Amino acid sequence: EREREREKRRKRRERGSKKHRRVGRIEYCISKCSNRKHKSETTAVMIQLAKALLFLAIPMPHAFYALLWNKPKVWKSVAKKVKVHPVELLAVVAACMKVVQALSFVFYIVTLLGTNVFMETVTTAHPLTLLFGAILFAAGQALNLGVYKALGVDGVYYGIKYGKKVPWVTGFPFNICPHPQYIGASLSIWGALWPIMRVHTGEFLDLVTVGCYWSGMYAFSSVVESH
C-alpha cells in the first residue's frame with residue numbers, strides 16, 4: 001500500500017514537472033515573440049524618424065537659396081552684422097547644409113538597410129551596375145566642378161546679387177545643358193542610389209522616392225533662379 005502511495009506521489013510530481021516545463025516553454029515563446037514585435041516596432045519608428053530627418057534636410061538649402069535669391073538684402077544685413085562678406089558667409093553656410101544632408105542620407109540608408117549596406121552593395125552588386133552608378137556620379141561631379149571652375153565662388157554663391165563681378169559663361173559646362181550644377185548634383189545622387197537600389201530591391205520604391213524628391217528640389221531651384 002505504501003509503495004502504491006509513493007508511486008502515485010512520484011507520478012503526480014512528474015506530471016506537475018512536465019506541466020511546469022510546458023508552461024515555461026509557452027511563456028518563453030510568448031516573451032520571444034513579444035521581444036521580436038517590440039524590436040520590429042522600434043526599427044519601424046527609427047526608419048520613419050530617419051526618413052523625416054532626410055526629407056527635412058533635402059529641401060533646407062533650396063528654401064534658403066530661394067529666399068536669398070529673391071530677398072538678397074536680408075542676407076546682406078546678416079553678413080554685415082557678423083562682418084563677413086555675404087558670398088563668403090553663404091559659402092560656409094552652404095557647406096554646413098551639405099554636410100547635414102549627407103549625414104541625414106547616410107543615417108536613413110543605414111537605418112533602412114543595415115549598418116553594412118554600403119559594403120554589401122559593393123561586394124554583391126553586378127560590376128556593370130557599379131560601373132553605371134560610377135559613370136552617373138562622375139558625370140555629375142564633372143558638371144559641378146566645371147561650374148565652380150567657370151564661375152568661381154562668387155558666381156556659385158550669388159555674388160552677382162552682392163556687388164561681385166561674375167562673368168557670363170557660354171563654354172563648358174553651360175554648353176552641355178541648362179543649370180549644369182543642379183543637373184550634375186542630381187546625376188550624382190542617382191549614381192549613388194543606383195547600386196543600392198539594384199541590390200536591395202525590396203526597398204526600391206523608397207529609394208526611388210528619395211531620388212525623385214531630391215532631384216525635384218534641384219528642379220525647383222533652377223526654376224527660382226530663372227526668374
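No value in this document is a laboratory result; all are computed from the given coordinates. Only a predicted model underlies this, so the values are computations on that prediction, with no experimental measurement involved. Quick reminder, even Gly has a Cβ in these numbers, built from the backbone with ideal geometry, and neighbours come from all protein chains shown.
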Exercise. Structure shown: which of LYS80/LYS161; LYS76/LYS165; LYS98/LYS165; LYS83/LYS149; LYS76/LYS161 lie over 18 Å apart, alpha-carbon to alpha-carbon?
Worked result: LYS98/LYS165; LYS83/LYS149
For this session: Please list 78-88, 187-197 highest first by mean number of surrounding beta-carbon atoms within 10 Å per residue.
Result: 187-197, 78-88
Exercise. Which percent of Cα pairs goes in each bin when the distances of segment 80-227 are cut into 10 angstrom slices starting at zero?
Worked result: 10, 34, 32, 18, 6, 0
Exercise. In Å, what is the Rg of the alpha-carbon atoms in segment 42-152, and how long is Dmax?
Worked result: 18.4, 54
Exercise. Which net charge results when you count Lys and Arg as +1 and Asp and Glu as -1 among the other residues whose beta-carbon is under 15 Å from that of HIS227?
Worked result: +1
